[in-house]
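The values are calculated or read from the model by the stated rules, or taken from the named source; none is laboratory data. None of the values given here were measured: they were computed from a predicted structure. Here the Cβ positions follow ideal geometry from the backbone for every residue, glycine too, while neighbour counts run over all protein chains shown.
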Amino acid sequence: MKGCSESGRIVYLSLHDNPRRKLPYTWEIIEMGSSLVGVNTLVPNKLVKKSISCGAIEGLSGYGEIKTEVAYSTNSRVDILLRNG
């Protein structure tokens, strides 16, 4: 994130109305030269989960349970957990 936080760059935010949130906005994307860079780290896992559940990723279809951000041990987690049944 440090490499994407230069002052004056155009950023794209999403607005949330959840009163329990610390801030009402989430930083989603920043313009870096002629490119758009995604900075919301939750988006890739949501995209992969949706892709798996829709059958768009060959070899990962047919699982009964798809979870994201699952605790694996005391100080670690897995991004995507697939279980049969």
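What the table shows:
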read-out	value
Selection within segment 71-80 - in contact with a strand residue (DSSP E or B) (Cβ under 6 Å, 6 or more places away or on another chain) and either within 30 Å of R9 (Cα to Cα) or loosely packed, with under 12 Cβ neighbours inside 10 Å (or both)	A71, Y72, R77
Neighbours by Cβ (under 6 Å, 6+ apart or cross-chain): first from segment 44-57, hydroxyl-bearing (S, T, Y); second surrounded by 14 or more Cβ atoms within 10 Å (Cβ to Cβ) and not in a helix (DSSP H, G or I)	S53/I66
First in segment 61-81 and among the basic types (K, R), second anywhere and modelled with pLDDT of 90 or more and part of a strand (DSSP E or B), Cβ under 9 Å, 6 or more apart	K67/V78; K67/I80; K67/L81; K67/L82; K67/R83; R77/E69; R77/V70; R77/A71
Hey, R83 loosely packed, with under 11 Cβ neighbours inside 10 Å and among the basic types (K, R) or not	yes
Every pair of residues 6+ apart whose Cβ atoms lie under 6 Å, when the first sits in segment 23-36 and is closer than 16 Å to R9 by Cα while the second is among the charged types (D, E, K, R)	I30/R9; E31/R9
Number of positions in segment 1-18 that are within 15 Å of G33 (Cβ to Cβ) and either aliphatic (A, V, I, L, M) or touching a residue at least 40 places away in the same chain (Cβ under 8 Å) (or both)	2
